[in-house]
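**Student:** Let me begin by handing over the structure; questions about it come next.
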Amino acid sequence: MDASGVALVTGASRGIGRAIAVDLARAGFDVVAAMRDPSDGDGLVEEVGASGGSITVQRIDMDDPDTFVVPDGLRVLVNNAGIEREYLPVEHVDIADWRAVFETNVFGLVELTARAIPVLRAGGAGVVCNVTSSSILAAIPFYSVYRASKAAVSAFGESLRCEVAPFGIRVIEIMPGPIDTDMLAGSDRLPEASAHEGYREMAEASYEGRKAVDHMTTPAPVAAARITAAILDDHAPLKHGCDDLSVGLLDAWSAAPVALVGSPYDGQGL
Ligand SMILES: NC(=O)c1ccc[n+]([C@@H]2O[C@H](COP(=O)([O-])OP(=O)(O)OC[C@H]3O[C@@H](n4cnc5c(N)ncnc54)[C@H](OP(=O)(O)O)[C@@H]3O)[C@@H](O)[C@H]2O)c1
């Protein structure tokens, strides 16, 4: 597709979402940068600069469908906003945390997408770009809530891709590895699971493994450039990495898609 028309990016206040919004605008789209607190969008116009398309800020809270306004003429929807919670064993996760993460990462995304499809259909073409996580390709303890929410979006996107292809709408899935953002910085901690009887050793081993990615992070603008390229590619496959680690993980998964890859915890007959 050509880089023109309206693109809506959720969670554009910071991190990957902000970088995608800026990159799409510089490429030529008229970007609606959606965020919970519009004052976080201060400076976006200056960041985009004079070339390319435009950028405006709109309030969208993924937990509040009353804030969901789909802009007229939408061509690209980037479902980027996402949260995670404490890293706990399943038996210790409060069900309220499951509901909170699924509200933001899954139900909000599904409802916004459902409302966007008629607008994309009316335009005769478009792209839905779902940001999931490469973590769903590897068995990682204590990430069940986050990974399950991303796996739900992944399956949702697979079905949606089939359904809307006849209308000229492409669905793609971006599966980031470690991108240098607040979320990644926040994950640099001993999993809370360590406080629970029977889980300390695995939590400490998991944290040691997590430290290894400190040397493999990718800046958000670099990831955003790869995401823009996938959005613009009319022949793009469904699943994409946006950094070297996720590209490698996805390659390994593609070679043996029935197996979880790259985890010391996957030897239990998976
Ligand atoms: N960074 C990584 O290494 C990595 C790896 C794999 C996948 N991802 C995924 O990539 C996406 C972006 O992550 P990031 O690293 O950029 O995270 P981040 O720095 O924590 O930013 C998260 C963004 O989501 C927004 N958000 C959270 N809850 C929201 C809600 N209810 N309504 C609207 N916006 C909401 C945040 O808005 P506020 O500023 O208002 O909080 C913020 O803009 C997420 O879906 C994440 O799961 C990231």
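**Student:** What's the number of the condition THR113 fails, among (1) over 13 Å from the mean Cα position of the chain (by Cα); (2) of a type in the set (S, T, N, Q); (3) farther than 16 Å from MET62 by Cβ?
**Tutor:** Only one criterion in (1) over 13 Å from the mean Cα position of the chain (by Cα); (2) of a type in the set (S, T, N, Q); (3) farther than 16 Å from MET62 by Cβ is unmet by THR113, namely (3).
**Student:** Turning to a different aspect of this structure: With respect to ASP234, determine if the residue is open to solvent by 40 Å² or more (accessible area, probe 1.4 Å), away from the ligand (no atom under 16 Å from the Cβ) and of a type in the set (Asp, Glu).
**Tutor:** On the way: open to solvent by 40 Å² or more (accessible area, probe 1.4 Å): yes; away from the ligand (no atom under 16 Å from the Cβ): yes; of a type in the set (Asp, Glu): yes.
Answer is yes for this residue.
**Student:** Is it the case, given these coordinates, that VAL45 is out of contact with any strand residue (DSSP E or B) (no Cβ under 7 Å at 6 or more places or on another chain), without any contact (Cβ under 8 Å) to a residue 60 or more places away in the chain and among the aliphatic types (A, V, I, L, M)? Show your work before the answer.
**Tutor:** Values: out of contact with any strand residue (DSSP E or B) (no Cβ under 7 Å at 6 or more places or on another chain): no; without any contact (Cβ under 8 Å) to a residue 60 or more places away in the chain: yes; among the aliphatic types (A, V, I, L, M): yes.
So VAL45 does not fit the description; no.
**Student:** With respect to VAL57, determine if the residue is in contact with a helix residue (DSSP H, G or I) (Cβ under 6 Å, 6 or more places away or on another chain), within 21 Å of THR228 (Cα to Cα), assigned to a strand (DSSP E or B) and within 11 Å of the ligand (Cβ to nearest atom).
**Tutor:** Working: in contact with a helix residue (DSSP H, G or I) (Cβ under 6 Å, 6 or more places away or on another chain): yes; within 21 Å of THR228 (Cα to Cα): yes; assigned to a strand (DSSP E or B): yes; within 11 Å of the ligand (Cβ to nearest atom): no.
Here the answer is no, as VAL57 does not meet what is asked.
**Student:** Another one. For region 16-38, does any single residue satisfy the condition of being small (Gly, Ala, Ser), farther than 21 Å from LEU232 by Cβ, assigned to a helix (DSSP H, G or I) and in contact with a helix residue (DSSP H, G or I) (Cβ under 9 Å, 6 or more places away or on another chain)?
**Tutor:** Kept after step one, since they are small (Gly, Ala, Ser), are these residues of region 16-38: 17, 19, 21, 25, 27-28, 33-34.
Then drop every residue that is not farther than 21 Å from LEU232 by Cβ, which leaves none.
No - not one qualifying residue is present in region 16-38.
**Student:** Taking the condition of being near the ligand (Cβ under 8 Å from one of its atoms) and open to solvent by 70 Å² or more (accessible area, probe 1.4 Å), how many residues in region 180-200 meet it? Working first, answer last.
**Tutor:** Of region 180-200, the ones near the ligand (Cβ under 8 Å from one of its atoms) are 180-184, 186-187.
Next, from what is left, pick out any that are open to solvent by 70 Å² or more (accessible area, probe 1.4 Å): 180, 182-183.
Looking only at that region, the number is 3.
Conditions tested, residue by residue: (1) more than 16 Å from SER133 (Cα to Cα); (2) of a type in the set (Val, Ile, Thr); (3) at pLDDT 95 or above.
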residue	(1), (2), (3)
ALA165	yes, no, yes
ILE174	no, yes, yes
MET183	no, no, yes
ALA193	yes, no, yes
ALA203	yes, no, yes
GLU208	yes, no, no
ALA212	yes, no, no
PRO221	yes, no, yes
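**Student:** Here is a further query. Inspect region 66-82 for any residue being more than 9 Å from the ligand (Cβ to nearest atom) and out of contact with any strand residue (DSSP E or B) (no Cβ under 8 Å at 6 or more places or on another chain) and give the result as yes or no. Give the derivation first.
**Tutor:** Start the filter on region 66-82 by keeping residues that are more than 9 Å from the ligand (Cβ to nearest atom), which leaves 66, 68-78.
Checking the rest, the ones that are also out of contact with any strand residue (DSSP E or B) (no Cβ under 8 Å at 6 or more places or on another chain) come to 66, 68.
Within region 66-82, one or more residues are more than 9 Å from the ligand (Cβ to nearest atom) and out of contact with any strand residue (DSSP E or B) (no Cβ under 8 Å at 6 or more places or on another chain).
**Student:** GLU111 fails exactly one of the following numbered conditions: (1) crowded, with 23+ Cβ neighbours inside 10 Å; (2) within 16 Å of the ligand (Cβ to nearest atom). What is the number of that condition?
**Tutor:** (1)
**Student:** Looking only at region 161-179, which residues are over 14 Å from the mean Cα position of the chain (by Cα) and either open to solvent by 10 Å² or more (accessible area, probe 1.4 Å) or under 16 Å from ILE16 (Cα atoms) (or both)? First the steps, then the outcome.
**Tutor:** Let us first name the residues in region 161-179 that are over 14 Å from the mean Cα position of the chain (by Cα), namely 161-170.
Hits for region 161-179 are ARG161, CYS162, GLU163, ALA165, PRO166, PHE167, GLY168, ARG170.
**Student:** Scanning region 50-98 for residues that are among the β-branched types (Val, Ile, Thr) and within 18 Å of PRO38 (Cβ to Cβ), which turns out surrounded by the most Cβ atoms within 10 Å (Cβ to Cβ)?
**Tutor:** Step one: list which residues in region 50-98 are among the β-branched types (Val, Ile, Thr), which gives 55-57, 60, 67, 69-70, 76, 78, 83, 90, 93, 95.
The next check asks that each one be within 18 Å of PRO38 (Cβ to Cβ); those that pass are 55-57, 60, 67, 69-70, 78.
Numbers: ILE55: 24, THR56: 16, VAL57: 21, ILE60: 25, THR67: 15, VAL69: 14, VAL70: 19, VAL78: 29.
Only one residue fits best here, namely VAL78.
**Student:** Then there's this: Please give the number of the condition VAL127 fails out of (1) of a type in the set (A, V, I, L, M); (2) away from the ligand (no atom under 11 Å from the Cβ); (3) not in a strand (DSSP E or B).
**Tutor:** (3)
**Student:** Has region 218-236 got any residue that is of a type in the set (Lys, Arg) and either within 22 Å of PRO141 (Cβ to Cβ) or in a loop (DSSP other than H, G, I, E, B) (or both)?
**Tutor:** Of the residues in region 218-236, the ones of a type in the set (Lys, Arg) are 226.
Next, only the ones that are either within 22 Å of PRO141 (Cβ to Cβ) or in a loop (DSSP other than H, G, I, E, B) (or both) stay: none.
Within region 218-236 (the criterion being of a type in the set (Lys, Arg) and either within 22 Å of PRO141 (Cβ to Cβ) or in a loop (DSSP other than H, G, I, E, B) (or both)), the answer is no, since none of the residues qualifies.
**Student:** When only residues in region 24-49 that are within 13 Å of the ligand (Cβ to nearest atom) and not hydrophobic (A, V, I, L, M, F, W, C) count, which is surrounded by the most Cβ atoms within 10 Å (Cβ to Cβ)?
**Tutor:** GLY41
**Student:** Considering only region 127-150, I want to know if a residue exists there that is open to solvent by less than 30 Å² (accessible area, probe 1.4 Å), at pLDDT below 95 and more than 15 Å from the chain's Cα centre (by Cα).
**Tutor:** Yes, region 127-150 contains a residue that is open to solvent by less than 30 Å² (accessible area, probe 1.4 Å), at pLDDT below 95 and more than 15 Å from the chain's Cα centre (by Cα).
The values are calculated or read from the model by the stated rules, or taken from the named source; none is laboratory data. Treat the numbers as computed from the prediction; the structure is a model and nothing was measured. Cβ atoms come from the backbone with ideal geometry, glycine included; neighbour counts cover every protein chain shown. What goes into the accessible areas is simple: the full protein's heavy atoms, side chains included, and nothing from ligands, DNA or RNA. Shrake-Rupley method; radii C 1.70, N 1.55, O 1.52, S 1.80 Å.
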